[in-house]
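Below: the structure, in structure tokens.
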Amino acid sequence: MIKITTQHDGNSTMIRIEGVLDANALGGLRHALKAVPEAQRVTVELAGLTAISPEGRGFLMALDAIGCKLIGASLYISRLLEEV
């Protein structure tokens with residue numbers, strides 16, 4: 001189960017993820033990202049993320065690589081994102 005909320009603030013957008021980010025949940029995250037106006041900075045808050053699948057990990061790493069800021073991850077999630 002996942003909950004994704006979006007908050008627009010001027011020239012930036014915050015997307016909050018709560019729950020488990022697995023292959024089934026990626027569609028909701030993609031939808032939220034498509035709704036962000038171009039040229040806005042995107043921050044993804046991971047404080048409520050409790051688990052992540054390899055597909056979810058890969059997607060978040062791709063977001064990081066294109067300049068999205070990932071914040072608030074637990075130590076567990078942070079370690080998963082750092083693994084090679």
Only residues that are surrounded by 15 or more Cβ atoms within 10 Å (Cβ to Cβ) and modelled with pLDDT under 95: list them for the stretch 34-48, please.
Val36
Can you tell me which residue is surrounded by the fewest Cβ atoms within 10 Å (Cβ to Cβ) among those in the stretch 4-29 that are without any contact (Cβ under 8 Å) to a residue 12 or more places away in the chain and under 18 Å from Gly67 (Cβ atoms)?
Gly10
When only residues in the stretch 48-72 that are under 10 Å from the mean Cα position of the chain (by Cα) and not in a helix (DSSP H, G or I) count, which is farthest from His8 (Cα to Cα)?
Leu49
Go through (1) touching a Leu at 6+ places or on another chain (Cβ under 7 Å); (2) in a helix (DSSP H, G or I) for Val44 and report which single condition fails.
(2)
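The values are calculated or read from the model by the stated rules, or taken from the named source; none is laboratory data. Computed from a predicted model, the values in this text were never measured in an experiment. All Cβ positions, even for glycine, are placed from backbone atoms using ideal geometry, and neighbour counts span all protein chains on display.
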